[in-house]
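The values are calculated or read from the model by the stated rules, or taken from the named source; none is laboratory data. Because the structure is predicted, anything quoted here is derived from the model rather than measured. No Cβ is skipped: glycine too gets one built from the backbone with ideal geometry, and neighbour counts run over all protein chains shown.
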Amino acid sequence: MRTSIVNAFQGLTDPANPGAQVVERVMLKEELRDVDGSDSLHPNRSGDVVVVLRPPYQFDAATPGQRIAFSQFFGQHGYLPNLVDLANNINMHGTFVASGSGVVHSDIPIAGVRAIDLAPTIAFLMNIPGPQNARGRIMYELTKGSGKYKEITVLDISDYHGQLIPLLETADNLPAPSVNPTFAIGGSAFLKQWFDAYRAEAPGGSVTMAAGDSVGATPPISAFFGDTPTIEIMNLMGFQLDGLGNHNFDKGQAYLRNTLIPLANFPFTSANVVDASGKTPAEWSPSVVFDTTFAGGKVGFVGFTNEDAPTLVFPGSFDPFHVDPRLARVQAEVNRLRKKGVKTIIVIGHDGATAGTLTSPTGPLIDLADALTGVDAVIGDHSNFQVLSTRPNGTLVVENLSKGVRFTRVRLVFDTSAKKVIYKTADFHKPWTIGVTADPTIQGEIDALNTQLQPILGTVIGSSNVQILRSDVCLRVDGRLCESLVGDVTTDAMRTAYSSIGVEFAITNSGGLRDALTCLGPAGGAGLCPAFTPPPYQITRGQVLAVLPFGNIVTTVQISGAELKTMLENGVSLMPAANGRFPQVSGLCFTYNIEAAVGSRVTGAVRQALDGSCTGAAIDLTAGSNYMIAENDFMTSGGDGYPNFFARAATQNIMDQVLADYVTATTPLNPVIQGRIKCTDPNPGVGNNCPAGSP
């Protein structure tokens, strides 16, 4: 169809003017990424074919039924901005005139100015933050003494979690799926090309970095091979620095230090993961200093790890190391670098914002940034929250969405005469794959990995009549606020598998559920899904591993009603902040008061009826009752703050196999949200509030 349209317009002529050129250019959607210096591509709203006419022909005020007609109206036309034909009196070039005390006087026009360069340049000249989605460069050549300005460019992704292949995302806010489809975004082979484009624009160079959790909780294409593919492909992507998050320690510190870190061509940094004597092991350092030409000197990156990291991985994973309080360690390292003459310092680490808005966030990352001194920028991670805020102390703070669906460009302008950073700005970017050619080397590596996995993980083991998503009923994409279908199905599988030995209830932490159970798109994806037309939605063995990448084991244990209440209390203790400890349950439904004191929020629980509804008998949450439950071994060992029942628990089967067996036995699945977790708010608008959409 597109070829037919292209051919029709390319052959368009004007009978009244033989030989006149009617059409200037015909472009396919994927060619719109760069149209004469402008990014004109929107995945959803750009045409599949875009036709631009040549003056005096135009599409304005067309006459129905006439291919070429005289226009009674001359409007905005949409001609190409670089169209210049002076012999025919055509000059579509615009003119940008800059003047002011800081602008250099020149009678010679500056060459190579693009439309996308204007906004960031104007922002710099006005000393205001640039647009949040700015694409272009800052034209320092417009300024007096421009040679004194050195741009420090940092490209950052957050919580990559080995997302080597693209994900799918809607590009618009339109409600109807037919007009708001999903498009591929991210993926290592495409991110490499995006990074290269921005690296090429960075005056003198750049630093490409992450701030922890690049490995751990990864899709099968990485997890199945022990996450070594992620490190190797990050090398190919050109990463120069990474931090240490809790998931870096999923397989223990020895595996991290002896297997993963030695594979990396880039250093790791964390100032507060230390041994018993307070020393940093040789495999990472408190900070990394780049001796740069682009910054006019040295730029220091000080790293830190979230203080609760040991509670978010299997107990003992950090031993013999521990995580010190971050503020004192980070500030001490900042002070040390300043004394050594490092004048530009960026703190990177694994903590994020947890509430607020993009420009007015709150949470651990913001508390740290506000408390630090002598820091130019803080780059956060961990909480899947976008942040772009300049704090009262002048520190620029940014954070990204996870898995490479966004990347941030941070630009600090260093004045070599003043010997300090005099301008800070950052912008977010959506790395759509449209119009981007995958890096062939990286794509080749990914294809080879998929070839190895396909016979094992590409097997369809079942289906569902509805999509079983990771996102919850409150629309939290990582399912950490409310009941989710993937949580319901996973806990149902755990309870059903061991009901014969007396298991009545199952509980799992939302942080352990990492993907949708059903294939979201055909041909590949996290679970090596086959081509199919839904419904039903296919479920592969690989997709089960995408949901449960940690290799956890189901455990069963006899507990009292009081201990059950303690578990549920722990699960909602951090609400309304989203957190991985939020529980998904089966066999029971419970209610909690979000305004009550932590530890006293759970107001009651009932059994699920045979039809799954929350209409069964009340559950005794006191010490006088006993119940057999199923949970994962991470929780059993005290992970995420849950009670440690390890000494009296029985080890059962691998959790992903339990889920796979359940899918096969109950196909086709047809789960529905049943109101298993109900939030109450006695005084809406006062204090803590229930998440929007909560039952």
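A compact table of results
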item	result
Among (1) surrounded by fewer than 15 Cβ atoms within 10 Å (Cβ to Cβ); (2) touching a residue at least 12 places away in the same chain (Cβ under 8 Å), the one test that GLY462 misses	(1)
Strands (runs of 3 or more DSSP E) (entirely within the stretch 151-217) containing at least 2 residues that are more than 22 Å from ALA516 (Cβ to Cβ) and assigned by TED's automatic domain parsing to the domain that holds GLY352	207-210
Members of the stretch 238-252 that are over 21 Å from LEU545 (Cα atoms), surrounded by 20 or more Cβ atoms within 10 Å (Cβ to Cβ) and touching an Asp or Glu at 6+ places or on another chain (Cβ under 8 Å)	GLY243, GLY245
Per-region count, the stretch 102-135, residues free of Cβ contacts under 8 Å to residues at least 40 places away in the same chain and of a type outside the set (Asp, Glu)	14
Candidate set: the stretch 388-402, residues that are modelled with pLDDT of 95 or more and part of a loop (DSSP other than H, G, I, E, B); chosen: the one surrounded by the most Cβ atoms within 10 Å (Cβ to Cβ)	THR395
Some residue of the stretch 53-70 being within 30 Å of PHE428 (Cα to Cα), part of a loop (DSSP other than H, G, I, E, B) and either of a type in the set (D, E, K, R) or without any contact (Cβ under 8 Å) to a residue 24 or more places away in the chain (or both)	no
Some residue of the stretch 522-536 being modelled with pLDDT of 95 or more, of a type outside the set (S, T, N, Q) and in contact with a strand residue (DSSP E or B) (Cβ under 9 Å, 6 or more places away or on another chain)	no
Tally of residues being buried (at least 19 other Cβ atoms within 10 Å of the Cβ) and farther than 25 Å from ALA217 by Cα across the stretch 303-339	6
Counted residues, the stretch 154-182 - those being under 26 Å from ILE231 (Cα atoms), surrounded by 15 or more Cβ atoms within 10 Å (Cβ to Cβ) and not small (Gly, Ala, Ser)	13
Subset of the stretch 200-222 [under 18 Å from the mean Cα position of the chain (by Cα) and within 22 Å of THR305 (Cα to Cα)]	THR208, MET209, ALA210, ALA211, GLY212, ASP213, SER214, VAL215, GLY216, ALA217, THR218
Selected residue [surrounded by 11 or more Cβ atoms within 10 Å (Cβ to Cβ), of a type in the set (A, V, I, L, M) and in the same structural domain as ASN133 (by TED's automatic domain parsing)] from ILE5, ILE110	ILE110
Number of the exception - ALA618 against (1) within 23 Å of ALA650 (Cβ to Cβ); (2) of a type in the set (A, V, I, L, M, F, W, C); (3) surrounded by fewer than 22 Cβ atoms within 10 Å (Cβ to Cβ)	(1)
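Results for (1) at pLDDT 95 or above; (2) surrounded by 16 or more Cβ atoms within 10 Å (Cβ to Cβ); (3) among the charged types (D, E, K, R); (4) part of a helix (DSSP H, G or I), shown as yes or no for each residue.
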| position | (1), (2), (3), (4) |
| --- | --- |
| ALA20 | no, no, no, no |
| MET27 | yes, yes, no, no |
| GLU30 | no, no, yes, yes |
| LEU41 | no, yes, no, no |
| SER46 | no, yes, no, no |
| VAL51 | yes, yes, no, no |
